[in-house]
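Shown next, in structure tokens, is the structure this report addresses.
Here, each number is a calculation from the coordinates, and none is a lab measurement. The shown structure was predicted, so the numbers you read here are calculated from the model rather than taken from an experiment. All Cβ positions, glycine included, derive from the backbone under ideal geometry; neighbour counts span all protein chains shown.
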Amino acid sequence: MLMSLGGLEVKVEKNVALAFLVMAVIFAIVTLIVGAISGDISQFTAWDVIWVTMAAAAFHFVLQAVHLIGHAIAAWTTGYQMSRMWFLYAFAMTLYPRDEPPIPARLHIRRSLGGPIAFGIALIIVFWLWSNVQDATWKVCYLTSFMLFEAILLFFVSSIFTDGVMFIVRKQWLPSEVPSA
Ligand SMILES: [Zn+2]
């Protein structure tokens, strides 16, 4: 599926649906194991387990979108815009025009920082949510715990590693044809 939003293409591969289902199944297995150990399982209904785990899986893609939107906004402020957001399996990537002119390192770094900043904000919101619902029903507790786990994991993988460490290792502010994540 390919959409265009004011010059920015958003491409979502069909395999995203597969990744979503795999994640929902993994969350369901974890829910059942944790439920069995904690005793919460006595309160579970099949429908509740399904919606909690599907919502947790969907949140992964919300986080990925927030990450890419952060890069897109940062790119927009530099004047060197992103050309495409690309979602495949559980991953999300940003692509910039192949024919774009050499860009000052300062602006390259700003584009790269957009993702971690957006992610940092998302992480704070999710942490706040998680820490405020600990007396709620199991559904809310499990869902917000999954959300916090995803936000922390993706923050480290996408922001600290890909946008931070790899950005420095690969010297991505130098002109290159390599699409950055
Ligand atoms: Zn990024």
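Tabulated data
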item: Test set (1) free of Cβ contacts under 8 Å to residues at least 60 places away in the same chain; (2) of a type outside the set (Phe, Trp, Tyr); (3) more than 15 Å from the ligand (Cβ to nearest atom); (4) touching an Asp or Glu at 6+ places or on another chain (Cβ under 7 Å) - Lys139 fails condition number; result: (1)
item: Only one of Ile124, Ile109, Ile117 that is away from the ligand (no atom under 16 Å from the Cβ) and surrounded by fewer than 20 Cβ atoms within 10 Å (Cβ to Cβ); result: Ile124
item: Segment 90-115, residues that are touching a Phe, Trp or Tyr at 6+ places or on another chain (Cβ under 8 Å) and within 10 Å of Ser159 (Cα to Cα); result: Ser112
item: Per-region count, segment 21-59, residues crowded, with 17+ Cβ neighbours inside 10 Å, of a type in the set (Phe, Trp, Tyr) and either part of a helix (DSSP H, G or I) or free of Cβ contacts under 8 Å to residues at least 60 places away in the same chain (or both); result: 2
